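Working notes for the structure below.
The values are calculated or read from the model by the stated rules, or taken from the named source; none is laboratory data. Note that this is a predicted model, so its numbers are computed, not measured. Cβ atoms come from the backbone with ideal geometry, glycine included; neighbour counts cover every protein chain shown. Heads up: the accessible areas ignore ligands, DNA and RNA and are worked out on the full protein's heavy atoms, side chains in. Shrake-Rupley method; radii C 1.70, N 1.55, O 1.52, S 1.80 Å.
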Amino acid sequence: EQDVCIVAQNELFDDCCYDKCNLCQNYQLNSEAVVMTNGGQQMGCSEIENNFIGLNQITQGSEQCSILQQQHFNDCCYDVPCDLCKKDETSYELLVQSPVIYQGRNRTCGEVAVLARDVMSQSDVCKTTKHDVFDSCCYKQCDLCGDPGWAIDWNQKLTYDNLASTCLDVFMNLRSERIQDGDDKCRSIQYTVSHECCYKLPTNQCFMCQASDGTFLNTNWNAEVSYQDKRMTCGDVNAILSSEEVDGELCLGARDSFWNECCTPQEGGKINLPILPSGVSDNNDGSSKWSDYGDMGFGNFIKRNGASSHSLCVSAALTLIGMATLLMI
(Lines give C-alpha, C1' and ligand atoms only; values in the text may rest on other atoms or scores of the structure.)
Protein backbone atom coordinates (compact mmCIF):
# COMPACT_ATOMS: atom_id res chain seq x y z
CA GLU A 1 0.00 0.00 0.00
CA GLN A 2 2.86 2.37 0.81
CA ASP A 3 4.48 1.73 -2.59
CA VAL A 4 1.16 2.46 -4.34
CA CYS A 5 0.89 5.74 -2.43
CA ILE A 6 4.44 6.77 -3.37
CA VAL A 7 3.80 6.00 -7.05
CA ALA A 8 0.60 8.08 -7.02
CA GLN A 9 2.36 10.99 -5.28
CA ASN A 10 5.27 10.97 -7.72
CA GLU A 11 2.98 10.94 -10.75
CA LEU A 12 0.28 13.40 -9.60
CA PHE A 13 1.84 15.78 -7.08
CA ASP A 14 2.73 18.54 -9.56
CA ASP A 15 -0.74 18.48 -11.15
CA CYS A 16 -2.84 18.17 -8.00
CA CYS A 17 -0.91 20.07 -5.31
CA TYR A 18 0.61 23.51 -4.76
CA ASP A 19 2.48 25.47 -2.08
CA LYS A 20 -0.28 27.30 -0.20
CA CYS A 21 0.28 30.85 1.08
CA ASN A 22 1.04 30.94 4.79
CA LEU A 23 -0.26 34.12 6.40
CA CYS A 24 2.13 34.10 9.37
CA GLN A 25 4.97 31.99 7.92
CA ASN A 26 7.27 31.14 10.87
CA TYR A 27 5.13 33.01 13.42
CA GLN A 28 2.02 31.82 15.25
CA LEU A 29 -1.52 32.47 13.99
CA ASN A 30 -3.92 34.19 16.40
CA SER A 31 -7.01 32.17 15.50
CA GLU A 32 -9.29 34.33 17.67
CA ALA A 33 -8.35 37.71 16.15
CA VAL A 34 -10.73 39.48 13.74
CA VAL A 35 -9.58 41.99 11.10
CA MET A 36 -11.21 44.34 8.60
CA THR A 37 -10.64 43.48 4.93
CA ASN A 38 -10.30 45.98 2.07
CA GLY A 39 -13.94 45.46 1.22
CA GLY A 40 -15.01 46.63 4.68
CA GLN A 41 -15.90 43.10 5.80
CA GLN A 42 -14.88 41.62 9.14
CA MET A 43 -13.05 38.31 8.84
CA GLY A 44 -11.28 36.12 11.38
CA CYS A 45 -7.56 35.51 10.91
CA SER A 46 -8.17 31.75 10.94
CA GLU A 47 -10.84 32.23 8.25
CA ILE A 48 -8.33 34.07 6.04
CA GLU A 49 -5.73 31.34 6.60
CA ASN A 50 -7.96 28.27 6.26
CA ASN A 51 -10.77 29.40 3.94
CA PHE A 52 -10.00 32.52 1.90
CA ILE A 53 -6.42 31.62 0.96
CA GLY A 54 -7.30 28.02 0.22
CA LEU A 55 -10.43 28.63 -1.80
CA ASN A 56 -8.64 31.22 -3.94
CA GLN A 57 -5.55 29.03 -4.40
CA ILE A 58 -3.17 31.78 -3.31
CA THR A 59 0.38 30.48 -3.53
CA GLN A 60 3.32 31.23 -1.27
CA GLY A 61 5.50 33.99 -2.74
CA SER A 62 2.79 35.40 -4.99
CA GLU A 63 1.94 39.10 -5.02
CA GLN A 64 -1.49 38.42 -3.53
CA CYS A 65 0.07 36.40 -0.72
CA SER A 66 2.55 39.18 0.04
CA ILE A 67 -0.25 41.77 0.18
CA LEU A 68 -2.25 39.66 2.65
CA GLN A 69 0.82 39.12 4.83
CA GLN A 70 1.61 42.85 4.89
CA GLN A 71 -1.99 43.87 5.63
CA HIS A 72 -2.75 41.41 8.42
CA PHE A 73 0.57 40.33 9.95
CA ASN A 74 0.44 42.73 12.93
CA ASP A 75 -3.13 41.77 13.87
CA CYS A 76 -3.03 38.04 13.06
CA CYS A 77 0.48 36.90 13.92
CA TYR A 78 2.59 36.77 17.06
CA ASP A 79 5.85 35.31 18.30
CA VAL A 80 6.52 32.85 21.15
CA PRO A 81 9.54 32.33 23.45
CA CYS A 82 12.52 30.54 21.96
CA ASP A 83 12.33 26.74 22.24
CA LEU A 84 15.87 25.42 21.99
CA CYS A 85 14.88 21.96 20.76
CA LYS A 86 12.14 22.86 18.28
CA LYS A 87 13.12 22.74 14.63
CA ASP A 88 10.96 22.82 11.50
CA GLU A 89 7.77 22.48 13.59
CA THR A 90 9.17 19.33 15.25
CA SER A 91 9.96 19.18 18.97
CA TYR A 92 13.06 17.21 19.92
CA GLU A 93 14.18 15.86 23.29
CA LEU A 94 16.50 18.00 25.44
CA LEU A 95 19.69 16.48 26.90
CA VAL A 96 19.31 18.44 30.12
CA GLN A 97 22.64 17.56 31.76
CA SER A 98 24.85 17.51 28.66
CA PRO A 99 27.71 20.07 28.91
CA VAL A 100 28.19 22.77 26.26
CA ILE A 101 30.12 26.01 25.93
CA TYR A 102 27.69 28.92 25.59
CA GLN A 103 28.76 32.56 25.43
CA GLY A 104 32.26 31.55 26.52
CA ARG A 105 31.10 29.70 29.64
CA ASN A 106 30.66 26.04 30.54
CA ARG A 107 26.95 25.35 30.94
CA THR A 108 24.49 22.48 30.71
CA CYS A 109 21.96 22.23 27.89
CA GLY A 110 19.22 22.67 30.47
CA GLU A 111 20.68 26.02 31.53
CA VAL A 112 20.95 27.18 27.91
CA ALA A 113 17.33 26.17 27.26
CA VAL A 114 16.18 28.31 30.21
CA LEU A 115 18.23 31.31 29.03
CA ALA A 116 16.89 30.91 25.49
CA ARG A 117 13.31 31.32 26.64
CA ASP A 118 14.08 34.94 27.59
CA VAL A 119 14.15 35.82 23.88
CA MET A 120 11.59 35.26 21.10
CA SER A 121 11.69 32.40 18.61
CA GLN A 122 12.28 34.57 15.52
CA SER A 123 15.00 36.74 17.08
CA ASP A 124 18.60 36.57 15.88
CA VAL A 125 19.70 35.49 19.38
CA CYS A 126 17.39 32.45 19.30
CA LYS A 127 18.45 31.45 15.79
CA THR A 128 22.15 31.81 16.66
CA THR A 129 21.77 29.81 19.87
CA LYS A 130 20.03 26.98 18.06
CA HIS A 131 22.69 26.99 15.35
CA ASP A 132 25.46 26.73 17.96
CA VAL A 133 24.12 24.09 20.37
CA PHE A 134 21.19 22.24 18.77
CA ASP A 135 23.24 19.22 17.67
CA SER A 136 24.85 18.94 21.13
CA CYS A 137 21.68 19.46 23.18
CA CYS A 138 18.77 18.02 21.19
CA TYR A 139 17.94 14.63 19.75
CA LYS A 140 15.01 12.84 18.18
CA GLN A 141 13.90 10.01 20.42
CA CYS A 142 13.57 6.53 18.96
CA ASP A 143 9.99 6.00 17.83
CA LEU A 144 8.84 2.53 18.80
CA CYS A 145 6.57 2.23 15.78
CA GLY A 146 8.66 4.24 13.34
CA ASP A 147 5.66 5.39 11.30
CA PRO A 148 3.37 8.35 12.09
CA GLY A 149 0.42 6.33 10.80
CA TRP A 150 0.84 3.78 13.60
CA ALA A 151 0.25 4.08 17.36
CA ILE A 152 1.49 2.22 20.44
CA ASP A 153 -0.71 -0.24 22.32
CA TRP A 154 0.70 0.80 25.70
CA ASN A 155 -0.73 -2.05 27.80
CA GLN A 156 0.14 -4.87 25.38
CA LYS A 157 2.09 -7.55 27.25
CA LEU A 158 5.24 -9.04 25.74
CA THR A 159 8.61 -10.53 26.62
CA TYR A 160 11.48 -8.07 26.27
CA ASP A 161 15.09 -8.82 27.29
CA ASN A 162 13.78 -12.12 28.68
CA LEU A 163 11.51 -10.25 31.09
CA ALA A 164 7.73 -9.92 31.20
CA SER A 165 7.02 -6.37 30.13
CA THR A 166 4.52 -4.10 28.43
CA CYS A 167 5.00 -1.83 25.44
CA LEU A 168 4.95 1.10 27.87
CA ASP A 169 7.93 -0.43 29.69
CA VAL A 170 9.86 -0.73 26.43
CA PHE A 171 9.04 2.87 25.52
CA MET A 172 10.17 4.19 28.92
CA ASN A 173 13.37 2.15 28.62
CA LEU A 174 14.10 3.82 25.26
CA ARG A 175 13.50 7.19 26.87
CA SER A 176 15.68 6.58 29.91
CA GLU A 177 18.55 5.30 27.76
CA ARG A 178 18.10 8.23 25.33
CA ILE A 179 18.09 5.95 22.32
CA GLN A 180 18.04 8.17 19.24
CA ASP A 181 15.99 7.67 16.11
CA GLY A 182 18.03 6.00 13.40
CA ASP A 183 20.50 4.32 15.78
CA ASP A 184 21.23 0.61 15.24
CA LYS A 185 19.70 -0.18 18.64
CA CYS A 186 16.58 1.80 17.76
CA ARG A 187 16.12 -0.13 14.51
CA SER A 188 16.75 -3.42 16.30
CA ILE A 189 14.10 -2.71 18.94
CA GLN A 190 11.62 -1.55 16.31
CA TYR A 191 12.14 -4.79 14.36
CA THR A 192 11.75 -6.88 17.53
CA VAL A 193 8.63 -5.40 19.13
CA SER A 194 6.77 -3.26 16.58
CA HIS A 195 4.60 -6.19 15.40
CA GLU A 196 3.39 -6.63 19.00
CA CYS A 197 3.25 -3.01 20.16
CA CYS A 198 2.05 -1.09 17.13
CA TYR A 199 -1.27 -0.90 15.34
CA LYS A 200 -2.34 1.09 12.30
CA LEU A 201 -4.42 4.14 13.18
CA PRO A 202 -7.93 3.93 11.73
CA THR A 203 -8.99 6.34 9.01
CA ASN A 204 -12.25 7.03 10.87
CA GLN A 205 -11.80 6.12 14.52
CA CYS A 206 -14.53 4.21 16.32
CA PHE A 207 -16.34 6.05 19.09
CA MET A 208 -19.37 4.36 20.57
CA CYS A 209 -21.33 7.49 21.42
CA GLN A 210 -21.18 9.59 18.26
CA ALA A 211 -24.56 10.71 16.92
CA SER A 212 -25.70 10.72 13.30
CA ASP A 213 -25.02 14.46 12.96
CA GLY A 214 -21.38 13.95 13.99
CA THR A 215 -21.76 15.28 17.56
CA PHE A 216 -20.74 13.24 20.57
CA LEU A 217 -23.21 12.08 23.16
CA ASN A 218 -22.34 11.84 26.83
CA THR A 219 -20.47 8.62 27.61
CA ASN A 220 -21.23 6.84 30.87
CA TRP A 221 -17.54 6.12 31.39
CA ASN A 222 -17.90 4.19 34.67
CA ALA A 223 -20.99 2.16 33.75
CA GLU A 224 -20.15 -1.55 33.67
CA VAL A 225 -20.93 -3.92 30.80
CA SER A 226 -19.86 -7.40 29.79
CA TYR A 227 -17.51 -7.34 26.78
CA GLN A 228 -15.36 -10.17 25.45
CA ASP A 229 -16.44 -12.33 28.42
CA LYS A 230 -15.16 -9.76 30.92
CA ARG A 231 -16.78 -7.13 33.10
CA MET A 232 -15.41 -3.70 32.25
CA THR A 233 -16.49 -0.07 32.07
CA CYS A 234 -17.84 1.70 29.00
CA GLY A 235 -14.64 3.74 29.05
CA ASP A 236 -12.57 0.54 28.81
CA VAL A 237 -14.67 -0.71 25.89
CA ASN A 238 -14.30 2.61 24.10
CA ALA A 239 -10.52 2.49 24.59
CA ILE A 240 -10.34 -1.01 23.12
CA LEU A 241 -12.41 0.08 20.12
CA SER A 242 -10.30 3.20 19.47
CA SER A 243 -8.06 1.18 17.15
CA GLU A 244 -11.03 0.06 15.03
CA GLU A 245 -12.68 1.69 12.03
CA VAL A 246 -16.02 3.35 12.77
CA ASP A 247 -17.82 1.18 10.21
CA GLY A 248 -15.97 -2.00 11.20
CA GLU A 249 -17.73 -5.07 12.52
CA LEU A 250 -16.40 -4.72 16.08
CA CYS A 251 -17.37 -1.05 16.34
CA LEU A 252 -20.87 -1.53 14.96
CA GLY A 253 -21.42 -4.60 17.13
CA ALA A 254 -20.36 -2.84 20.32
CA ARG A 255 -22.52 0.19 19.53
CA ASP A 256 -25.48 -2.09 18.90
CA SER A 257 -24.93 -3.91 22.21
CA PHE A 258 -24.04 -1.07 24.58
CA TRP A 259 -25.74 2.04 23.20
CA ASN A 260 -28.39 2.23 25.94
CA GLU A 261 -25.96 1.46 28.76
CA CYS A 262 -23.03 3.62 27.63
CA CYS A 263 -24.51 6.60 25.79
CA THR A 264 -26.76 9.41 27.01
CA PRO A 265 -28.10 12.20 24.74
CA GLN A 266 -27.20 15.67 25.93
CA GLU A 267 -30.69 17.02 25.24
CA GLY A 268 -33.07 14.09 25.43
CA GLY A 269 -34.01 12.24 22.26
CA LYS A 270 -34.16 8.59 21.32
CA ILE A 271 -31.57 6.23 22.69
CA ASN A 272 -33.13 2.84 21.98
CA LEU A 273 -31.38 2.19 18.66
CA PRO A 274 -27.73 2.71 17.69
CA ILE A 275 -27.13 5.90 15.70
CA LEU A 276 -24.40 5.64 13.11
CA PRO A 277 -21.87 8.47 12.81
CA SER A 278 -22.36 11.19 10.23
CA GLY A 279 -21.82 9.91 6.69
CA VAL A 280 -22.43 6.23 7.51
CA SER A 281 -25.60 4.67 6.14
CA ASP A 282 -27.37 1.79 7.86
CA ASN A 283 -28.11 -0.34 4.79
CA ASN A 284 -30.22 -3.46 4.81
CA ASP A 285 -27.34 -5.50 3.46
CA GLY A 286 -25.26 -4.58 6.50
CA SER A 287 -22.77 -2.52 4.50
CA SER A 288 -21.68 0.96 5.51
CA LYS A 289 -20.51 3.78 3.31
CA TRP A 290 -18.94 7.14 4.08
CA SER A 291 -20.16 10.03 1.96
CA ASP A 292 -17.72 11.87 -0.29
CA TYR A 293 -17.03 15.31 1.14
CA GLY A 294 -15.05 16.39 -1.94
CA ASP A 295 -12.14 18.82 -1.99
CA MET A 296 -11.96 20.88 1.19
CA GLY A 297 -9.04 22.95 -0.12
CA PHE A 298 -7.11 23.18 3.13
CA GLY A 299 -3.68 22.07 4.31
CA ASN A 300 -0.05 22.79 3.46
CA PHE A 301 -0.47 21.35 -0.02
CA ILE A 302 -4.07 21.24 -1.11
CA LYS A 303 -5.95 19.82 -4.06
CA ARG A 304 -6.89 22.19 -6.82
CA ASN A 305 -10.55 23.20 -6.99
CA GLY A 306 -12.79 22.40 -9.93
CA ALA A 307 -14.60 19.25 -10.92
CA SER A 308 -12.42 18.59 -13.96
CA SER A 309 -9.09 18.64 -12.08
CA HIS A 310 -10.62 16.67 -9.21
CA SER A 311 -11.90 13.98 -11.56
CA LEU A 312 -8.60 13.90 -13.44
CA CYS A 313 -6.52 13.42 -10.30
CA VAL A 314 -8.85 10.84 -8.75
CA SER A 315 -9.13 8.88 -12.01
CA ALA A 316 -5.38 8.92 -12.53
CA ALA A 317 -4.75 7.87 -8.94
CA LEU A 318 -7.18 4.95 -9.26
CA THR A 319 -5.52 3.90 -12.52
CA LEU A 320 -2.08 3.93 -10.94
CA ILE A 321 -3.33 2.01 -7.92
CA GLY A 322 -4.88 -0.60 -10.19
CA MET A 323 -1.66 -0.96 -12.21
CA ALA A 324 0.43 -1.25 -9.05
CA THR A 325 -1.96 -3.87 -7.66
CA LEU A 326 -1.63 -5.97 -10.84
CA LEU A 327 2.18 -5.77 -10.61
CA MET A 328 2.11 -7.02 -7.04
CA ILE A 329 -0.11 -10.04 -7.82
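Listed by position, the strands (runs of 3 or more DSSP E) inside the range 124-179 whose residues that are touching a Ser or Thr at 6+ places or on another chain (Cβ under 6 Å) number at least 1 are 157-160. All conditions in (1) over 24 Å from the mean Cα position of the chain (by Cα); (2) part of a loop (DSSP other than H, G, I, E, B); (3) not hydroxyl-bearing (Ser, Thr, Tyr) hold for ASN22, with the sole exception of (1). Taking (1) closer than 30 Å to CYS142 by Cβ; (2) at pLDDT 90 or above; (3) open to solvent by less than 90 Å² (accessible area, probe 1.4 Å) in turn, HIS72 satisfies each apart from (1). Can you spot a residue in the range 170-188 that is in contact with a Cys (Cβ under 9 Å, 6 or more places away or on another chain), more than 30 Å from THR108 (Cβ to Cβ) and surrounded by 17 or more Cβ atoms within 10 Å (Cβ to Cβ)? No; the residues of the range 170-188 include none that is in contact with a Cys (Cβ under 9 Å, 6 or more places away or on another chain), more than 30 Å from THR108 (Cβ to Cβ) and surrounded by 17 or more Cβ atoms within 10 Å (Cβ to Cβ). It is to be established whether one or more residues within the range 51-63 are over 16 Å from TYR18 (Cβ atoms) and open to solvent by less than 70 Å² (accessible area, probe 1.4 Å). Yes, because at least one residue in the range 51-63 is over 16 Å from TYR18 (Cβ atoms) and open to solvent by less than 70 Å² (accessible area, probe 1.4 Å). For the range 211-241, filtering for residues that are modelled with pLDDT under 85, open to solvent by less than 30 Å² (accessible area, probe 1.4 Å) and either under 24 Å from ALA151 (Cβ atoms) or more than 25 Å from the chain's Cα centre (by Cα) (or both) leaves 1.
Which residue out of TYR160, TYR191, TYR199 is farther than 20 Å from SER243 by Cβ, open to solvent by less than 80 Å² (accessible area, probe 1.4 Å) and not aliphatic (A, V, I, L, M)?
Numbers: TYR191 fails: open to solvent by less than 80 Å² (accessible area, probe 1.4 Å); TYR199 fails: farther than 20 Å from SER243 by Cβ.
After applying the criteria, what remains is TYR160.
Pairs linking a residue in the range 234-247 that is over 18 Å from ASN260 (Cβ atoms) to a residue that is in a helix (DSSP H, G or I), with Cβ atoms under 9 Å and 6 or more positions apart or on different chains, are ILE240/LEU250; ILE240/ALA254; GLU244/LEU250; GLU244/CYS251; GLU244/ALA254; GLU245/CYS251; VAL246/LEU252. When every residue of the range 29-50 is checked against the conditions, at least one turns out to be exposed (fewer than 13 other Cβ atoms within 10 Å of the Cβ) and acidic (Asp, Glu).
Given the structure, is ILE48 at pLDDT below 90 and β-branched (Val, Ile, Thr)? Working first, answer last.
On the way: at pLDDT below 90: no; β-branched (Val, Ile, Thr): yes.
In short, no.
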